[in-house]
Amino acid sequence: MRQRSVILAGPFPLATLPQVFPRAMVHAAIAAEAAGERRRRSLPAPLVVYLNLALAALPDHGSEEVLAELLAALPARTRAGWRRASSTSITAARRRLGPAVMHRLFTQVAAPATPAMTEAAITVPVPASADNRAAFTPATPARPHLHVAALVCPTGALHTATWTPCPGTPALAGDAEPLDLLPGAPVLRSRHAEGVIAEVWSALCLHQAAMALGLSPCRGGPEPRRA
């Protein structure tokens, strides 16, 4: 399977997230999925949405560090009342939010259909926890992967996207091209199935943000084939 190294020319600017995902849009998605809190929490649902996006932008950093970076980057009026939290609290808050809100956000920023769309796909590994194996590859001992397919507009923005679980790293089907996502290929870190799905939608949302902001990619050549 042909892979390409496609990343942003620089770090994703976290301060721009509210431009693409205004708080009103985020609150509406949370309300539509009934994912709001019944009581005041240190990590309210809107903050967790932005944190999911920031974690997709900074896959090599821990959750506490990413939260600190996010709070430092967001405009004061967006982050008012929000504060730092422990990794344990972050994990619990992300599980409470679930994947549906991130999926709804993706549908809100999906590009309109165009006549020249192409099919593209990418396969990404999933942490091999017991929960992920049971959810994604219950009939095989192979490490679980997710195969993400999308219809891509000429601008690079995505019109639709779907995911399916699969063992191993199958070759692209049919005429599908490699799916080049910005700021890079998704890095899935959750050991819980719903967390993995939320991370996929977060990565797809972040790609849409990169396209909307006109961020430029830095492309590498094809990776060498493995024997």
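Here, each number is a calculation from the coordinates, and none is a lab measurement. Just so we're clear, the structure is a prediction, and the values are computed from it rather than from any experiment. FYI the Cβ positions are ideal-geometry reconstructions off the backbone, even for glycines, and counts take in every protein chain you see.
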Exercise. Order of D131, D180, D60 from fewest to most other C-beta atoms within 10 Å?
Worked result: D60, D131, D180
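Do you know the relative contact order of the chain, to the nearest whole percent, from alpha carbon pairs under 8 angstrom that are 6+ apart? Provide the component values of the computation, followed by the final result.
Details: 384 pairs, mean separation 69.4, N = 227.
The normalised contact order for the chain reaches 31 percent.
Using the number of other C-beta atoms within 10 angstrom as an exposure proxy, rank S216, S129 with the fewest first.
Details: S216 11, S129 16.
By the 10 Å Cβ count, ascending, the order reads S216, S129.
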Exercise. Which one is right for this structure if Kirkwood radius over Cα pairs in Å is calculated from it: [x] 19.2; [y] 21.8; [z] 18.1?
Worked result: [z]
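For the range 1-135, what does the alpha-carbon gyration tensor say about shape, rounded, prolate or oblate, given a ≥ b ≥ c as the root eigenvalues, a/c under 1.5 as rounded, and a/b over b/c as prolate? Can you show the working numbers first?
On the way: a/c = 1.43, a/b = 1.29, b/c = 1.10.
The shape class here is rounded.
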Exercise. In degrees, nearest 10, range 0 to 90: what is the angle between the Cα axis of helix 45-57 and the longest Cα principal axis of the chain?
Worked result: 40 degrees
Exercise. On a 0 to 90 degree scale, rounded to 10, what angle separates helix 100-109 from the longest Cα axis of the chain?
Worked result: 70 degrees
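With the Cα gyration tensor of the range 12-51 giving a ≥ b ≥ c as the square roots of its eigenvalues, does the rule (a/c under 1.5 for rounded; else a/b larger than b/c for prolate; else oblate) give rounded, prolate or oblate? Could the numbers behind the result be given before it?
Details: a/c = 3.11, a/b = 1.57, b/c = 1.97.
Note, shape of the range 12-51 comes out oblate.
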Problem set entry | Amide H contacts of L179 (H built 1.01 Å from N, under 5 Å, at least 5 apart or other chain) | A121, I122
Problem set entry | Helix-only CD estimate at 222 nm, as mean residue ellipticity for the chain, using -39500 (n - 2.57) per DSSP H run (n ≥ 4) | -12000 deg cm²/dmol
For this session: Can you tell me the order of 43-49, 184-190 when each peptide is scored by its average per-residue count of other Cβ atoms within 10 angstrom, highest first?
Result: 43-49, 184-190
Problem set entry | Unit charges on C-beta of K, R, D, E only; dipole of the chain, Debye | 740 debye
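Please give me, ordered by residue number, the trypsin sites (Lys or Arg not before Pro) of the range 10-52 that lie in loop per DSSP and have at most 11 other Cβ atoms within 10 Å.
Within the range 10-52, the qualifying trypsin sites (Lys or Arg not before Pro) (loop, at most 11 other Cβ atoms within 10 Å) are R38, R39, R40.
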Problem set entry | Rounded to 10°, Cα long-axis angle of helix 193-213 versus longest principal axis of the chain | 90 degrees
Exercise. When R83, R104 are ordered from fewest to most other Cβ atoms inside 10 Å of their Cβ, what list results?
Worked result: R83, R104
For this session: Classify the range 110-219 as rounded, prolate or oblate from the Cα gyration tensor: take a ≥ b ≥ c as the square roots of its eigenvalues, call it rounded if a/c is under 1.5, otherwise prolate when a/b beats b/c and oblate if not.
Result: prolate
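Could you work out the local net charge near P18, counting Lys and Arg as +1, Asp and Glu as -1, over the other residues with Cβ closer than 14 Å to its Cβ? It would help to have the intermediate numbers written out before the result.
Values: positive: R23, R77, R79; negative: none.
Net of charged neighbours comes to +3.
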